[in-house]
Amino acid sequence: MPSPQDLQPVLQRKVDELFLYWLSEPGTQEILTDYLRRVRNGESNDSILRDGRDRKIGENVSSPRNLTERASSSPGGSHSPSSTALPSGIGGNVRGASGGRTQHRSLGTKKAQVKKEEPITPALSESIPKFYFPRGRPRANLNIDTLISRIEKIFSQFPNERATIEDMGSVAKACDCPLYWKAPLFNSAGGDRTGCVSVHKFIAMWRKVLQTCHDDASIFVHLLAKPGCNYLEQEDFIPFLQDVVNSHTGLVFLKEASDFHSRYITTVVQRIFYNVNRSWTGRITCSELRKSSFLQNVALLEEEDDVNQLTEYFSYEHFYVIYCKFWELDTDHDLYIDKRDLTRHNDQAISHKMIERIFSGTVTRDKRVQRDGRMSYADFVWFLISEEDKRSATSIEYWFRCMDLDGDGVLSMYELEHFYQEQCQKLETMGIESLLFEDCLCQMLDLVQPEVPGKITLHDLKRCKLSHVFFDTFFNIEKYLYHEQKDPSSVREGEPEGQDLSDWERYAAEEYDILVAEETANEQYNDGYEDAIDPIERHIANELGLHADRRPYFQIPDP
(Lines give C-alpha, C1' and ligand atoms only; values in the text may rest on other atoms or scores of the structure.)
Protein backbone atom coordinates (compact mmCIF):
# COMPACT_ATOMS: atom_id res chain seq x y z
CA MET A 1 0.00 0.00 0.00
CA PRO A 2 1.58 3.34 -1.01
CA SER A 3 2.33 5.85 1.69
CA PRO A 4 0.17 8.98 2.01
CA GLN A 5 3.05 11.04 0.63
CA ASP A 6 3.15 9.04 -2.63
CA LEU A 7 0.56 10.01 -5.24
CA GLN A 8 -0.91 7.81 -7.90
CA PRO A 9 0.43 8.46 -11.42
CA VAL A 10 -2.75 10.14 -12.65
CA LEU A 11 -3.00 12.40 -9.64
CA GLN A 12 0.71 13.22 -9.82
CA ARG A 13 0.30 14.29 -13.42
CA LYS A 14 -2.61 16.58 -12.50
CA VAL A 15 -0.72 18.14 -9.62
CA ASP A 16 2.23 18.86 -11.88
CA GLU A 17 -0.12 20.41 -14.42
CA LEU A 18 -1.65 22.75 -11.84
CA PHE A 19 1.77 23.66 -10.54
CA LEU A 20 2.91 24.64 -14.03
CA TYR A 21 -0.17 26.80 -14.44
CA TRP A 22 0.68 28.51 -11.18
CA LEU A 23 4.26 29.15 -12.29
CA SER A 24 3.08 30.58 -15.61
CA GLU A 25 0.90 33.23 -13.94
CA PRO A 26 2.38 36.77 -14.38
CA GLY A 27 1.75 37.58 -10.74
CA THR A 28 3.61 34.45 -9.60
CA GLN A 29 6.58 35.26 -11.79
CA GLU A 30 6.75 38.80 -10.44
CA ILE A 31 6.71 37.55 -6.84
CA LEU A 32 9.34 34.89 -7.47
CA THR A 33 11.57 37.41 -9.28
CA ASP A 34 11.25 39.77 -6.34
CA TYR A 35 12.07 36.99 -3.86
CA LEU A 36 15.16 36.00 -5.92
CA ARG A 37 16.40 39.58 -6.00
CA ARG A 38 15.99 39.94 -2.20
CA VAL A 39 17.86 36.66 -1.58
CA ARG A 40 20.76 37.88 -3.72
CA ASN A 41 20.81 41.13 -1.73
CA GLY A 42 21.35 39.14 1.47
CA GLU A 43 17.93 39.55 3.15
CA SER A 44 16.94 36.92 5.69
CA ASN A 45 14.43 34.21 4.87
CA ASP A 46 12.19 35.20 7.83
CA SER A 47 11.66 38.73 6.55
CA ILE A 48 10.94 37.45 3.06
CA LEU A 49 8.36 34.92 4.33
CA ARG A 50 6.79 37.54 6.63
CA ASP A 51 6.27 39.91 3.72
CA GLY A 52 4.95 37.05 1.63
CA ARG A 53 2.14 36.44 4.11
CA ASP A 54 1.08 40.06 3.84
CA ARG A 55 0.92 39.97 0.08
CA LYS A 56 -2.29 38.38 -1.27
CA ILE A 57 -0.64 36.03 -3.70
CA GLY A 58 -3.40 33.50 -3.15
CA GLU A 59 -6.22 35.84 -4.10
CA ASN A 60 -6.04 35.19 -7.82
CA VAL A 61 -3.62 32.33 -8.27
CA SER A 62 -3.90 30.02 -5.28
CA SER A 63 -7.65 29.49 -5.17
CA PRO A 64 -8.45 25.86 -5.96
CA ARG A 65 -11.56 27.04 -7.76
CA ASN A 66 -9.56 29.36 -10.04
CA LEU A 67 -6.90 26.74 -10.71
CA THR A 68 -9.51 24.13 -11.51
CA GLU A 69 -11.45 26.47 -13.80
CA ARG A 70 -8.26 27.39 -15.70
CA ALA A 71 -7.19 23.78 -15.93
CA SER A 72 -10.58 22.66 -17.22
CA SER A 73 -10.49 25.34 -19.92
CA SER A 74 -7.17 24.02 -21.31
CA PRO A 75 -7.02 21.35 -24.05
CA GLY A 76 -5.65 18.77 -21.66
CA GLY A 77 -7.97 19.54 -18.79
CA SER A 78 -10.92 17.48 -19.96
CA HIS A 79 -9.26 14.09 -20.04
CA SER A 80 -9.20 13.61 -16.27
CA PRO A 81 -12.55 12.91 -14.55
CA SER A 82 -11.11 13.81 -11.14
CA SER A 83 -9.99 17.30 -12.12
CA THR A 84 -12.84 19.12 -10.30
CA ALA A 85 -12.44 17.20 -7.03
CA LEU A 86 -8.69 17.22 -6.85
CA PRO A 87 -7.94 20.74 -5.43
CA SER A 88 -10.14 20.36 -2.34
CA GLY A 89 -8.74 16.87 -1.66
CA ILE A 90 -5.01 17.52 -1.92
CA GLY A 91 -4.73 21.29 -1.78
CA GLY A 92 -2.91 21.14 1.54
CA ASN A 93 -0.26 18.68 0.19
CA VAL A 94 0.75 20.35 -3.04
CA ARG A 95 3.41 22.54 -1.49
CA GLY A 96 3.16 21.75 2.19
CA ALA A 97 6.76 22.79 2.80
CA SER A 98 5.90 26.44 2.26
CA GLY A 99 3.96 27.75 5.25
CA GLY A 100 3.25 31.01 3.48
CA ARG A 101 1.64 29.32 0.52
CA THR A 102 -0.52 27.18 2.74
CA GLN A 103 -1.76 30.30 4.49
CA HIS A 104 -2.58 31.98 1.20
CA ARG A 105 -4.50 28.94 -0.05
CA SER A 106 -6.80 28.97 3.00
CA LEU A 107 -7.48 32.68 2.57
CA GLY A 108 -8.35 32.16 -1.06
CA THR A 109 -10.78 29.41 -0.13
CA LYS A 110 -12.56 31.65 2.40
CA LYS A 111 -12.89 34.44 -0.14
CA ALA A 112 -14.42 32.06 -2.64
CA GLN A 113 -16.98 30.93 -0.05
CA VAL A 114 -17.98 34.51 0.75
CA LYS A 115 -18.50 35.25 -2.93
CA LYS A 116 -20.84 32.28 -3.19
CA GLU A 117 -23.01 33.50 -0.28
CA GLU A 118 -23.26 37.17 -1.24
CA PRO A 119 -25.91 36.93 -3.98
CA ILE A 120 -28.24 34.69 -1.92
CA THR A 121 -29.87 37.40 0.23
CA PRO A 122 -30.70 39.85 -2.61
CA ALA A 123 -32.13 37.03 -4.70
CA LEU A 124 -34.50 35.97 -1.91
CA SER A 125 -35.59 39.53 -1.14
CA GLU A 126 -36.34 40.19 -4.79
CA SER A 127 -38.61 37.15 -5.00
CA ILE A 128 -40.81 38.26 -2.03
CA PRO A 129 -42.78 41.46 -2.79
CA LYS A 130 -43.48 43.94 -0.01
CA PHE A 131 -46.80 43.17 1.62
CA TYR A 132 -46.91 45.25 4.83
CA PHE A 133 -47.89 48.89 4.50
CA PRO A 134 -48.65 50.31 7.97
CA ARG A 135 -49.24 53.77 6.49
CA GLY A 136 -51.12 52.60 3.44
CA ARG A 137 -50.01 51.37 0.04
CA PRO A 138 -48.21 54.15 -1.89
CA ARG A 139 -50.15 55.47 -4.88
CA ALA A 140 -48.19 55.16 -8.09
CA ASN A 141 -50.05 57.89 -9.98
CA LEU A 142 -49.92 60.54 -7.25
CA ASN A 143 -48.55 63.85 -8.53
CA ILE A 144 -47.62 65.84 -5.43
CA ASP A 145 -46.52 68.92 -7.39
CA THR A 146 -49.93 69.20 -9.04
CA LEU A 147 -51.66 69.06 -5.65
CA ILE A 148 -49.29 71.65 -4.21
CA SER A 149 -49.93 74.06 -7.09
CA ARG A 150 -53.68 73.69 -6.53
CA ILE A 151 -53.23 74.54 -2.83
CA GLU A 152 -51.06 77.56 -3.68
CA LYS A 153 -53.80 78.83 -5.96
CA ILE A 154 -56.33 78.61 -3.11
CA PHE A 155 -54.01 80.43 -0.67
CA SER A 156 -53.44 83.21 -3.21
CA GLN A 157 -57.08 84.23 -2.68
CA PHE A 158 -56.52 84.96 1.02
CA PRO A 159 -55.00 88.19 2.42
CA ASN A 160 -51.19 87.82 2.66
CA GLU A 161 -51.67 84.19 1.60
CA ARG A 162 -52.71 83.29 5.14
CA ALA A 163 -55.74 81.15 5.96
CA THR A 164 -57.89 81.27 9.10
CA ILE A 165 -60.00 78.41 10.38
CA GLU A 166 -62.96 79.82 8.43
CA ASP A 167 -60.92 79.59 5.20
CA MET A 168 -59.77 76.03 5.74
CA GLY A 169 -62.87 74.49 4.17
CA SER A 170 -61.72 75.39 0.65
CA VAL A 171 -58.15 74.36 1.53
CA ALA A 172 -59.39 70.94 2.68
CA LYS A 173 -61.23 70.45 -0.60
CA ALA A 174 -58.08 71.43 -2.52
CA CYS A 175 -56.26 68.69 -0.59
CA ASP A 176 -58.94 66.17 -1.68
CA CYS A 177 -60.02 65.81 1.96
CA PRO A 178 -63.54 65.87 3.44
CA LEU A 179 -64.75 69.30 4.56
CA TYR A 180 -64.56 68.58 8.28
CA TRP A 181 -60.88 67.69 8.10
CA LYS A 182 -60.31 71.45 8.05
CA ALA A 183 -59.63 71.78 11.78
CA PRO A 184 -57.08 68.91 11.88
CA LEU A 185 -55.35 70.40 8.82
CA PHE A 186 -55.35 73.87 10.40
CA ASN A 187 -54.00 72.66 13.76
CA SER A 188 -51.39 70.36 12.23
CA ALA A 189 -49.92 73.33 10.34
CA GLY A 190 -49.67 75.37 13.57
CA GLY A 191 -52.84 77.41 13.17
CA ASP A 192 -54.03 76.66 16.69
CA ARG A 193 -51.02 78.56 18.05
CA THR A 194 -50.94 81.55 15.69
CA GLY A 195 -54.58 81.90 14.64
CA CYS A 196 -53.73 81.56 10.93
CA VAL A 197 -51.61 79.45 8.59
CA SER A 198 -49.24 80.73 5.92
CA VAL A 199 -49.03 79.04 2.54
CA HIS A 200 -45.40 78.03 3.11
CA LYS A 201 -46.05 76.34 6.46
CA PHE A 202 -49.07 74.52 5.15
CA ILE A 203 -47.37 73.29 1.99
CA ALA A 204 -44.35 72.06 3.98
CA MET A 205 -46.66 70.19 6.34
CA TRP A 206 -48.85 68.73 3.59
CA ARG A 207 -45.92 67.65 1.41
CA LYS A 208 -44.46 65.70 4.35
CA VAL A 209 -47.84 64.09 5.00
CA LEU A 210 -48.21 62.98 1.37
CA GLN A 211 -44.71 61.52 1.34
CA THR A 212 -45.16 59.49 4.54
CA CYS A 213 -48.91 58.67 4.64
CA HIS A 214 -50.62 56.99 1.73
CA ASP A 215 -54.28 56.49 2.70
CA ASP A 216 -57.03 58.39 4.52
CA ALA A 217 -56.65 56.49 7.80
CA SER A 218 -52.92 57.14 8.16
CA ILE A 219 -53.32 60.81 7.15
CA PHE A 220 -56.13 61.34 9.67
CA VAL A 221 -54.12 59.73 12.47
CA HIS A 222 -51.06 61.81 11.55
CA LEU A 223 -53.08 65.04 11.64
CA LEU A 224 -54.76 64.40 15.00
CA ALA A 225 -52.11 62.46 16.92
CA LYS A 226 -49.54 63.93 19.25
CA PRO A 227 -46.00 64.33 17.82
CA GLY A 228 -44.25 60.97 17.60
CA CYS A 229 -47.43 58.94 18.15
CA ASN A 230 -49.00 56.61 15.59
CA TYR A 231 -52.29 56.25 17.45
CA LEU A 232 -55.17 58.41 18.67
CA GLU A 233 -56.27 58.89 22.27
CA GLN A 234 -59.56 60.35 23.45
CA GLU A 235 -58.31 63.90 23.95
CA ASP A 236 -56.96 63.98 20.37
CA PHE A 237 -60.53 64.12 19.02
CA ILE A 238 -61.64 67.15 21.04
CA PRO A 239 -60.40 69.96 18.69
CA PHE A 240 -61.83 68.15 15.68
CA LEU A 241 -65.25 67.62 17.30
CA GLN A 242 -65.33 71.16 18.70
CA ASP A 243 -65.06 72.45 15.13
CA VAL A 244 -67.93 70.18 14.11
CA VAL A 245 -70.06 71.64 16.91
CA ASN A 246 -69.10 75.19 15.93
CA SER A 247 -69.69 74.90 12.20
CA HIS A 248 -72.21 72.15 11.39
CA THR A 249 -75.64 73.45 10.43
CA GLY A 250 -77.38 70.65 12.32
CA LEU A 251 -75.82 71.82 15.60
CA VAL A 252 -76.21 75.57 15.19
CA PHE A 253 -78.59 75.78 18.19
CA LEU A 254 -75.76 74.58 20.45
CA LYS A 255 -73.68 77.71 19.90
CA GLU A 256 -75.48 79.51 22.71
CA ALA A 257 -75.27 76.55 25.10
CA SER A 258 -71.54 76.18 25.56
CA ASP A 259 -72.03 74.03 28.67
CA PHE A 260 -73.55 71.35 26.48
CA HIS A 261 -70.57 71.30 24.09
CA SER A 262 -68.37 69.19 26.34
CA ARG A 263 -71.24 66.78 27.12
CA TYR A 264 -71.97 66.22 23.43
CA ILE A 265 -68.27 65.90 22.55
CA THR A 266 -67.73 63.41 25.39
CA THR A 267 -70.61 61.31 24.10
CA VAL A 268 -69.29 61.27 20.53
CA VAL A 269 -65.74 60.43 21.68
CA GLN A 270 -67.00 57.50 23.75
CA ARG A 271 -69.06 56.22 20.85
CA ILE A 272 -66.03 56.46 18.57
CA PHE A 273 -63.93 54.36 20.92
CA TYR A 274 -66.85 52.02 21.59
CA ASN A 275 -67.15 51.17 17.88
CA VAL A 276 -63.59 51.66 16.58
CA ASN A 277 -61.18 50.69 19.36
CA ARG A 278 -61.78 46.96 19.12
CA SER A 279 -58.60 46.19 21.06
CA TRP A 280 -59.84 47.99 24.22
CA THR A 281 -56.44 49.68 24.57
CA GLY A 282 -57.72 53.26 24.64
CA ARG A 283 -55.59 53.93 21.53
CA ILE A 284 -57.05 53.87 18.03
CA THR A 285 -54.55 52.67 15.43
CA CYS A 286 -54.57 53.14 11.65
CA SER A 287 -55.60 49.52 11.22
CA GLU A 288 -58.62 49.91 13.51
CA LEU A 289 -59.61 53.12 11.76
CA ARG A 290 -59.48 51.43 8.35
CA LYS A 291 -61.73 48.61 9.53
CA SER A 292 -64.36 51.00 10.93
CA SER A 293 -66.92 53.28 9.28
CA PHE A 294 -65.82 56.40 11.15
CA LEU A 295 -64.09 58.20 8.27
CA GLN A 296 -67.08 57.51 6.02
CA ASN A 297 -69.33 59.11 8.65
CA VAL A 298 -67.01 62.14 8.83
CA ALA A 299 -67.34 62.55 5.07
CA LEU A 300 -71.15 62.32 5.38
CA LEU A 301 -71.16 65.30 7.77
CA GLU A 302 -70.60 67.49 4.73
CA GLU A 303 -73.57 66.05 2.84
CA GLU A 304 -76.04 65.53 5.71
CA ASP A 305 -77.48 68.65 7.35
CA ASP A 306 -79.28 66.61 10.02
CA VAL A 307 -76.73 65.01 12.36
CA ASN A 308 -79.49 62.83 13.77
CA GLN A 309 -79.31 60.78 10.58
CA LEU A 310 -75.74 59.78 11.46
CA THR A 311 -76.79 57.44 14.24
CA GLU A 312 -73.50 55.59 14.65
CA TYR A 313 -71.50 58.50 16.10
CA PHE A 314 -72.88 62.04 15.76
CA SER A 315 -76.62 61.85 16.49
CA TYR A 316 -77.67 64.62 18.88
CA GLU A 317 -80.90 62.78 19.72
CA HIS A 318 -78.89 59.79 20.90
CA PHE A 319 -76.76 62.08 23.03
CA TYR A 320 -79.90 63.63 24.50
CA VAL A 321 -81.35 60.24 25.46
CA ILE A 322 -78.08 59.13 27.08
CA TYR A 323 -77.64 62.39 28.96
CA CYS A 324 -81.21 62.40 30.21
CA LYS A 325 -80.85 58.85 31.53
CA PHE A 326 -77.68 59.84 33.32
CA TRP A 327 -79.23 63.05 34.68
CA GLU A 328 -82.09 61.05 36.21
CA LEU A 329 -79.62 58.88 38.14
CA ASP A 330 -77.22 61.69 39.11
CA THR A 331 -79.30 63.09 41.95
CA ASP A 332 -76.63 65.49 43.24
CA HIS A 333 -75.72 66.59 39.66
CA ASP A 334 -71.97 66.35 40.11
CA LEU A 335 -71.68 64.34 36.87
CA TYR A 336 -70.81 61.18 38.82
CA ILE A 337 -73.01 58.31 39.96
CA ASP A 338 -72.34 55.61 42.55
CA LYS A 339 -73.55 52.03 42.92
CA ARG A 340 -76.77 53.11 44.59
CA ASP A 341 -77.54 55.49 41.75
CA LEU A 342 -76.89 52.88 39.07
CA THR A 343 -79.06 50.37 40.90
CA ARG A 344 -82.08 52.60 40.21
CA HIS A 345 -81.56 52.32 36.44
CA ASN A 346 -84.57 50.77 34.72
CA ASP A 347 -86.38 50.12 38.01
CA GLN A 348 -83.54 48.10 39.56
CA ALA A 349 -83.48 45.61 36.69
CA ILE A 350 -79.70 45.09 36.86
CA SER A 351 -78.56 42.69 39.56
CA HIS A 352 -76.42 43.92 42.46
CA LYS A 353 -73.71 41.40 41.66
CA MET A 354 -73.39 42.74 38.14
CA ILE A 355 -73.24 46.33 39.39
CA GLU A 356 -70.45 45.28 41.74
CA ARG A 357 -68.56 43.86 38.76
CA ILE A 358 -69.05 47.05 36.73
CA PHE A 359 -67.64 49.15 39.55
CA SER A 360 -64.72 46.76 40.01
CA GLY A 361 -62.97 48.43 37.08
CA THR A 362 -63.14 45.52 34.67
CA VAL A 363 -64.91 47.57 31.97
CA THR A 364 -64.30 51.17 33.04
CA ARG A 365 -61.38 53.52 32.28
CA ASP A 366 -61.80 56.17 34.96
CA LYS A 367 -59.65 55.22 37.97
CA ARG A 368 -62.12 56.94 40.29
CA VAL A 369 -64.53 54.05 39.69
CA GLN A 370 -62.33 51.73 41.75
CA ARG A 371 -60.83 54.36 44.05
CA ASP A 372 -63.95 56.33 44.98
CA GLY A 373 -66.71 54.00 43.79
CA ARG A 374 -68.05 56.60 41.35
CA MET A 375 -68.82 56.26 37.62
CA SER A 376 -68.30 59.17 35.24
CA TYR A 377 -70.61 60.16 32.43
CA ALA A 378 -68.09 58.78 29.90
CA ASP A 379 -68.25 55.29 31.45
CA PHE A 380 -72.04 55.54 31.65
CA VAL A 381 -72.18 55.93 27.86
CA TRP A 382 -70.51 52.52 27.49
CA PHE A 383 -72.83 51.00 30.09
CA LEU A 384 -76.08 52.23 28.57
CA ILE A 385 -75.24 51.27 24.98
CA SER A 386 -74.07 47.83 26.13
CA GLU A 387 -77.16 47.36 28.27
CA GLU A 388 -79.59 48.19 25.49
CA ASP A 389 -77.79 46.35 22.67
CA LYS A 390 -76.31 43.03 23.74
CA ARG A 391 -75.84 41.79 20.18
CA SER A 392 -72.95 44.03 19.13
CA ALA A 393 -69.36 42.80 19.39
CA THR A 394 -68.31 45.44 21.92
CA SER A 395 -71.36 44.79 24.09
CA ILE A 396 -70.70 41.05 24.13
CA GLU A 397 -67.10 41.74 25.17
CA TYR A 398 -68.33 44.20 27.82
CA TRP A 399 -70.64 41.74 29.56
CA PHE A 400 -68.32 38.77 29.07
CA ARG A 401 -65.60 40.65 30.97
CA CYS A 402 -68.06 41.30 33.76
CA MET A 403 -69.18 37.69 34.05
CA ASP A 404 -65.68 36.19 33.76
CA LEU A 405 -64.84 36.53 37.45
CA ASP A 406 -61.43 34.84 37.32
CA GLY A 407 -60.42 36.30 33.94
CA ASP A 408 -59.53 32.94 32.39
CA GLY A 409 -61.48 33.59 29.18
CA VAL A 410 -64.13 30.97 29.97
CA LEU A 411 -67.50 31.27 31.71
CA SER A 412 -67.52 28.32 34.08
CA MET A 413 -70.58 26.77 35.65
CA TYR A 414 -69.59 28.34 38.97
CA GLU A 415 -69.60 31.82 37.47
CA LEU A 416 -72.97 31.31 35.82
CA GLU A 417 -74.48 30.04 39.09
CA HIS A 418 -72.96 33.02 40.94
CA PHE A 419 -75.08 35.44 38.90
CA TYR A 420 -78.16 33.23 38.56
CA GLN A 421 -78.66 32.95 42.31
CA GLU A 422 -79.67 36.59 42.59
CA GLN A 423 -82.08 36.21 39.68
CA CYS A 424 -83.80 33.38 41.55
CA GLN A 425 -84.08 35.53 44.68
CA LYS A 426 -85.73 38.34 42.72
CA LEU A 427 -88.17 35.92 41.11
CA GLU A 428 -89.15 34.54 44.50
CA THR A 429 -89.72 38.07 45.78
CA MET A 430 -92.03 38.68 42.82
CA GLY A 431 -93.88 35.42 43.51
CA ILE A 432 -92.60 33.73 40.36
CA GLU A 433 -91.28 30.20 40.43
CA SER A 434 -87.74 30.01 39.11
CA LEU A 435 -86.03 27.26 37.20
CA LEU A 436 -83.45 25.13 38.91
CA PHE A 437 -79.94 26.15 37.95
CA GLU A 438 -79.36 22.75 36.33
CA ASP A 439 -82.39 23.23 34.08
CA CYS A 440 -81.41 26.81 33.26
CA LEU A 441 -77.86 25.67 32.49
CA CYS A 442 -79.12 23.05 30.04
CA GLN A 443 -81.18 25.69 28.26
CA MET A 444 -78.25 28.11 28.00
CA LEU A 445 -75.83 25.46 26.75
CA ASP A 446 -78.38 24.45 24.16
CA LEU A 447 -78.80 28.12 23.26
CA VAL A 448 -75.11 28.92 22.89
CA GLN A 449 -73.86 25.49 21.75
CA PRO A 450 -70.23 26.01 22.83
CA GLU A 451 -67.47 24.33 20.85
CA VAL A 452 -66.07 22.77 24.04
CA PRO A 453 -68.90 21.19 26.06
CA GLY A 454 -69.42 22.90 29.41
CA LYS A 455 -67.14 25.88 28.61
CA ILE A 456 -68.60 29.07 27.15
CA THR A 457 -66.04 31.35 25.52
CA LEU A 458 -66.23 34.80 24.02
CA HIS A 459 -66.05 33.27 20.56
CA ASP A 460 -69.06 31.08 21.34
CA LEU A 461 -71.17 34.08 22.36
CA LYS A 462 -70.16 36.13 19.31
CA ARG A 463 -71.10 33.21 17.09
CA CYS A 464 -74.43 32.82 18.88
CA LYS A 465 -77.26 35.03 17.57
CA LEU A 466 -79.02 35.01 20.94
CA SER A 467 -76.32 36.51 23.12
CA HIS A 468 -78.80 39.09 24.45
CA VAL A 469 -81.03 36.30 25.78
CA PHE A 470 -78.05 34.63 27.43
CA PHE A 471 -76.88 37.76 29.26
CA ASP A 472 -80.35 38.91 30.30
CA THR A 473 -80.96 35.51 31.86
CA PHE A 474 -78.18 36.05 34.39
CA PHE A 475 -78.39 39.71 35.40
CA ASN A 476 -81.41 41.61 33.97
CA ILE A 477 -84.65 40.43 35.53
CA GLU A 478 -87.00 42.62 33.47
CA LYS A 479 -85.63 41.52 30.12
CA TYR A 480 -85.35 37.93 31.30
CA LEU A 481 -89.09 37.85 32.01
CA TYR A 482 -89.73 39.53 28.66
CA HIS A 483 -87.87 36.77 26.83
CA GLU A 484 -89.65 34.09 28.88
CA GLN A 485 -93.06 35.47 27.88
CA LYS A 486 -92.24 35.51 24.17
CA ASP A 487 -92.91 32.63 21.84
CA PRO A 488 -89.88 30.28 22.09
CA SER A 489 -89.72 29.94 18.31
CA SER A 490 -89.51 33.71 17.87
CA VAL A 491 -86.79 33.92 20.50
CA ARG A 492 -84.70 31.28 18.74
CA GLU A 493 -85.04 33.02 15.38
CA GLY A 494 -82.93 35.88 16.73
CA GLU A 495 -82.68 39.08 14.75
CA PRO A 496 -84.93 39.26 11.68
CA GLU A 497 -83.27 39.14 8.30
CA GLY A 498 -82.63 42.53 6.71
CA GLN A 499 -83.22 44.50 9.89
CA ASP A 500 -81.70 47.94 9.40
CA LEU A 501 -81.85 49.30 12.96
CA SER A 502 -79.69 47.91 15.73
CA ASP A 503 -81.14 47.30 19.18
CA TRP A 504 -79.51 50.51 20.40
CA GLU A 505 -80.86 52.62 17.53
CA ARG A 506 -84.35 51.24 18.09
CA TYR A 507 -84.14 51.92 21.83
CA ALA A 508 -82.89 55.48 21.34
CA ALA A 509 -85.62 56.24 18.81
CA GLU A 510 -88.31 54.86 21.12
CA GLU A 511 -87.05 56.76 24.16
CA TYR A 512 -86.85 59.98 22.20
CA ASP A 513 -90.41 59.53 20.96
CA ILE A 514 -91.57 58.92 24.53
CA LEU A 515 -89.99 62.20 25.63
CA VAL A 516 -91.70 64.04 22.81
CA ALA A 517 -95.07 62.40 23.54
CA GLU A 518 -94.87 63.20 27.25
CA GLU A 519 -94.08 66.87 26.66
CA THR A 520 -96.73 67.20 23.97
CA ALA A 521 -99.38 65.80 26.34
CA ASN A 522 -98.39 68.31 29.03
CA GLU A 523 -98.40 71.41 26.84
CA GLN A 524 -101.58 72.61 28.57
CA TYR A 525 -99.49 73.30 31.70
CA ASN A 526 -97.05 75.59 29.94
CA ASP A 527 -99.02 78.82 30.49
CA GLY A 528 -97.73 80.79 33.43
CA TYR A 529 -94.88 78.34 34.06
CA GLU A 530 -92.72 78.83 30.98
CA ASP A 531 -91.29 82.15 32.15
CA ALA A 532 -89.34 80.38 34.88
CA ILE A 533 -87.41 78.30 32.38
CA ASP A 534 -83.93 79.27 31.38
CA PRO A 535 -84.09 80.69 27.80
CA ILE A 536 -81.12 78.63 26.60
CA GLU A 537 -82.70 75.47 27.95
CA ARG A 538 -86.00 76.28 26.22
CA HIS A 539 -84.19 77.01 22.96
CA ILE A 540 -82.48 73.61 22.98
CA ALA A 541 -85.68 71.83 23.88
CA ASN A 542 -87.64 73.62 21.14
CA GLU A 543 -85.05 72.72 18.53
CA LEU A 544 -85.61 69.07 19.39
CA GLY A 545 -89.37 69.36 19.66
CA LEU A 546 -89.22 69.08 23.46
CA HIS A 547 -90.23 71.31 26.34
CA ALA A 548 -87.99 71.17 29.35
CA ASP A 549 -90.42 72.68 31.83
CA ARG A 550 -91.91 69.35 32.84
CA ARG A 551 -88.55 67.61 33.22
CA PRO A 552 -86.28 69.31 35.75
CA TYR A 553 -83.40 66.97 34.90
CA PHE A 554 -83.06 68.70 31.51
CA GLN A 555 -81.63 71.65 33.37
CA ILE A 556 -78.09 72.40 32.24
CA PRO A 557 -75.77 71.39 35.08
CA ASP A 558 -73.24 73.77 36.48
CA PRO A 559 -69.84 73.15 34.85
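Taken together, the residues in the stretch 295-330 that are open to solvent by 40 Å² or more (accessible area, probe 1.4 Å), within 23 Å of Glu510 (Cβ to Cβ) and either assigned to a helix (DSSP H, G or I) or of a type in the set (A, V, I, L, M, F, W, C) (or both) amount to 4. Of all the residues in the stretch 245-260, those that are buried (at least 16 other Cβ atoms within 10 Å of the Cβ) and within 26 Å of Asp366 (Cα to Cα) number 2. When His333 is tested against (1) surrounded by 15 or more Cβ atoms within 10 Å (Cβ to Cβ); (2) over 30 Å from Leu179 (Cβ atoms); (3) touching a residue at least 60 places away in the same chain (Cβ under 8 Å), just one condition goes unmet, and that condition is (1). Any idea which residue in the stretch 200-239 is nearest to Arg290 (Cα to Cα), counting only those that are assigned to a helix (DSSP H, G or I) and among the polar types (S, T, N, Q)? The residue in question is Ser218. Scanning the stretch 326-348 turns up no residue that is of a type in the set (Val, Ile, Thr), in contact with a Ser or Thr (Cβ under 8 Å, 6 or more places away or on another chain) and on the phi < 0 side of the Ramachandran plot.
Only one of Asp534, Asp472 is modelled with pLDDT of 90 or more and charged (D, E, K, R). Can you tell me which?
Numbers: Asp534 fails: modelled with pLDDT of 90 or more.
When all the criteria are applied, what remains is Asp472.
Of all the listed residues (Gly454, Gly498), the sole one being of a type outside the set (A, V, I, L, M, F, W, C), open to solvent by less than 80 Å² (accessible area, probe 1.4 Å), on the phi > 0 side of the Ramachandran plot and at pLDDT 80 or above is Gly454. Among the conditions (1) open to solvent by 20 Å² or more (accessible area, probe 1.4 Å); (2) in a loop (DSSP other than H, G, I, E, B); (3) not hydroxyl-bearing (Ser, Thr, Tyr), Val363 misses just one, which is (1). Which condition number in (1) open to solvent by 50 Å² or more (accessible area, probe 1.4 Å); (2) not in a helix (DSSP H, G or I) is the one that Lys390 fails? (1) is the only condition that Lys390 fails.
Considering the conditions (1) in a helix (DSSP H, G or I); (2) surrounded by 15 or more Cβ atoms within 10 Å (Cβ to Cβ), Gln425 is excluded by exactly one of them, (2). Scanning the stretch 211-244 for residues that are under 22 Å from Phe155 (Cα atoms) and surrounded by fewer than 18 Cβ atoms within 10 Å (Cβ to Cβ) returns a single hit, Gln211.
Residues in the stretch 397-420 that are touching a residue at least 12 places away in the same chain (Cβ under 8 Å) and acidic (Asp, Glu): Glu397, Glu415, Glu417.
Could you go through the stretch 446-456 and let me know if any residue there is among the acidic types (Asp, Glu), touching a strand residue (DSSP E or B) at 6+ places or on another chain (Cβ under 9 Å) and more than 23 Å from His345 (Cβ to Cβ). Walk me through it before giving the result.
Pass one, the stretch 446-456, residues among the acidic types (Asp, Glu): 446, 451.
Filter again for touching a strand residue (DSSP E or B) at 6+ places or on another chain (Cβ under 9 Å), leaving 451.
Applying the additional criterion that residues be more than 23 Å from His345 (Cβ to Cβ) yields 451.
There is at least one residue in the stretch 446-456 that is among the acidic types (Asp, Glu), touching a strand residue (DSSP E or B) at 6+ places or on another chain (Cβ under 9 Å) and more than 23 Å from His345 (Cβ to Cβ).
Just one of the numbered conditions (1) charged (D, E, K, R); (2) more than 17 Å from Val244 (Cα to Cα); (3) out of contact with any His (no Cβ under 9 Å at 6 or more places or on another chain); (4) open to solvent by 20 Å² or more (accessible area, probe 1.4 Å) is not true of Arg263: (2).
The values are calculated or read from the model by the stated rules, or taken from the named source; none is laboratory data. As the structure is a prediction and not an experimental result, all values here were calculated from the model. A quick note on method: Cβ atoms are made from the backbone with ideal geometry, for glycine too, and the neighbour counts reach across all protein chains shown. Quick note on the areas: whole protein, heavy atoms, side chains included, nothing else; ligands and nucleic acids left out. Shrake-Rupley method; radii C 1.70, N 1.55, O 1.52, S 1.80 Å.
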